[in-house]
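Asks: Once you've had a glance at the structure underneath, I'll fire off some questions.
The values are calculated or read from the model by the stated rules, or taken from the named source; none is laboratory data. Nothing here was measured: the structure is a model prediction, and the numbers come from that model. Here Cβ is always computed from backbone atoms with ideal geometry, including for glycine, and neighbour counts include all displayed protein chains.
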Amino acid sequence: MEAVNTAVAEDVVAEKESDDGPGTPTLGELLLAVEELWPESLAENWDEVGLVAGRPEAPVGKVMLAVDPTLETIEEAIAWGAQLLVTHHPLLLKGVNSVAATTAKGLAVHRLIESGTALLTVHTNGDSAVGGVSDVLADAFGLDNVVPLTPASQGLPEEGIGRVGELPELMTLGDFAARVFEVLPAVAGGVRVSGERDALIRRVAVCGGAGDSLFDAVRASHADVYVTADLRHHPASEARESAVNGRPYLIDVSHFASEWLWLPAAAEALGNVLSDQGYDVEIRVAGTNSDPWDFILTPG
Ligand SMILES: [Zn+2]
C-alpha cells in the first residue's frame, strides 16, 4: 500500500516559550493536555478510550498520531522514536484473556512495551469534541452553521456525533462529490455516490467513520446529502427507498480516509496546548496508510 500523502500533515513542534519552562512533559502531564482537548467523558458508553500502554512518569518528547494501531503503524512510531502513539481506533476494544505475541494484537502490545512506546486511544471522544473528526470534515467540505447531528449527552451543545451544516451556495451533487474526493487522502476504494449527478444540494450531514446508525438523525436534519463511511447495503438501500424527493443523497467514503483528515488538525491542537503550557514536544502524523483495501474493479 502506498503511504498517505502527508503533504498537509507537516510536523508540529510545540516549542517551549522560554528556557526555564518545564521542557519535556511526562506522559501523565501530556494526558492532562489530551483530556483538555478530548475529554474521556465525551466517549460513547460502549467505547474504550484512554491509555492502553505506558508509564505515566515516562518523559514524552515525540508523539505520533494515526488512525489505526496496526503493526505497521506501531513500527513506524518506534522507528521515528516516538514515546507516545495516539490512535483513533482502540487496540483492545473487546476484553482479552491473553496478550501473547502469537496474535497480531498481542504482538502489538509486546512491540509497544519492548520499545517503551505508550499507546493512547482517542476515539469517540475525538469524534464528539469541538474540532473533532466530523468538525474537521465539515470544515474541509466548506460547511457553515455547523451543529451536531446527535448532541452529546454530556457536554456542550456544539459537541456530539456527526455534524450538519450548509454550503455557502447551491452545488451539484457531482461537484460536491468531487470536492469530497479531492479533500480526502487518496485510497483505493475512492468515493461512491447514490443520487443524480446534477441534483442541486446545499445542506450536508457528515459523520467520520461508520455512520449508518445515524439515518434517523440525518433525516431529521433535512440534509440534502449524507457523507459517511462503511454504508452497508440494507441501511443504505432502505434510506434510498424512503428518501423524500431523492434526499438525502449518499456519499460513501473510506472509513480510514474520513478519520485521517482529523489527524493534522489534532496534531496542531495538541501542539498548541502543550506549547501554551511551555512544553517542548515534537508531533507528527503517521505516513502509514491503514485503509485495508488495495484495489477496486469497476465496470467500464
Ligand atoms: Zn473509525
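Asks: Looking at 193, 253, 206, 227 in this structure, which one is crowded, with 16+ Cβ neighbours inside 10 Å, modelled with pLDDT of 95 or more, within 24 Å of the chain's Cα centre (by Cα) and away from the ligand (no atom under 16 Å from the Cβ)?
Replies: 193
Asks: How many of the residues in region 97-152 are aliphatic (A, V, I, L, M) and assigned to a loop (DSSP other than H, G, I, E, B)?
Replies: 8
Asks: Quick one: would you say residue 263 is within 16 Å of the ligand (Cβ to nearest atom), surrounded by fewer than 24 Cβ atoms within 10 Å (Cβ to Cβ) and within 30 Å of residue 166 (Cβ to Cβ)?
Replies: no
Asks: So how many residues does region 143-160 have that are surrounded by fewer than 20 Cβ atoms within 10 Å (Cβ to Cβ) and not polar (S, T, N, Q)?
Replies: 8
Asks: Pick out the one residue from 82, 118 that is touching a helix residue (DSSP H, G or I) at 6+ places or on another chain (Cβ under 6 Å), small (Gly, Ala, Ser) and away from the ligand (no atom under 16 Å from the Cβ).
Replies: 118
Asks: Taking the condition at pLDDT 95 or above, crowded, with 19+ Cβ neighbours inside 10 Å and not assigned by TED's automatic domain parsing to the domain that holds residue 159, does residue 65 pass?
Replies: yes
Asks: Let me ask you something else. Of 129, 118, 186, 152, which residue is modelled with pLDDT of 95 or more and closer than 24 Å to residue 67 by Cα?
Replies: 118 is the lone residue from the list that is modelled with pLDDT of 95 or more and closer than 24 Å to residue 67 by Cα.
Asks: Would you please list the contacts, defined by Cβ atoms under 8 Å and residues six or more apart or on different chains, that run from a residue in region 197-213 that is within 25 Å of residue 263 (Cα to Cα) and touching a residue at least 40 places away in the same chain (Cβ under 8 Å) to a residue that is within 16 Å of the ligand (Cβ to nearest atom) and among the basic types (Lys, Arg)?
Replies: Between residues of region 197-213 that are within 25 Å of residue 263 (Cα to Cα) and touching a residue at least 40 places away in the same chain (Cβ under 8 Å) and residues that are within 16 Å of the ligand (Cβ to nearest atom) and among the basic types (Lys, Arg), the close pairs are 205/163; 206/163; 207/163.
Asks: Also, quick follow-up: Residue 169 - would you say it is touching a residue at least 40 places away in the same chain (Cβ under 8 Å), over 21 Å from residue 256 (Cα atoms), assigned by TED's automatic domain parsing to the domain that holds residue 226 and not β-branched (Val, Ile, Thr)?
Replies: So residue 169 fails the test.
Asks: Looking at the structure I just gave you, is residue 163 basic (Lys, Arg), assigned to a strand (DSSP E or B) and within 16 Å of the ligand (Cβ to nearest atom)?
Replies: So residue 163 passes the test.
Asks: Test of understanding: among 283, 296, which residue is part of a loop (DSSP other than H, G, I, E, B) and in contact with a Gly (Cβ under 8 Å, 6 or more places away or on another chain)?
Replies: Sole residue among the options that is part of a loop (DSSP other than H, G, I, E, B) and in contact with a Gly (Cβ under 8 Å, 6 or more places away or on another chain): 296.
Asks: Considering region 278-299 alone, what residues qualify as being surrounded by 11 or more Cβ atoms within 10 Å (Cβ to Cβ) and of a type in the set (Phe, Trp, Tyr)?
Replies: Passing the criteria: 279, 293.
Asks: A further question on this structure: Would you point out which residue out of 180, 204, 273, 227 is among the β-branched types (Val, Ile, Thr), within 30 Å of residue 30 (Cβ to Cβ) and not in a loop (DSSP other than H, G, I, E, B)?
Replies: Of the residues listed, the single one that is among the β-branched types (Val, Ile, Thr), within 30 Å of residue 30 (Cβ to Cβ) and not in a loop (DSSP other than H, G, I, E, B) is 273.
Asks: Oh, and also: Name the residue, out of 274, 184, 200, that is away from the ligand (no atom under 16 Å from the Cβ) and assigned by TED's automatic domain parsing to the domain that holds residue 171.
Replies: 200
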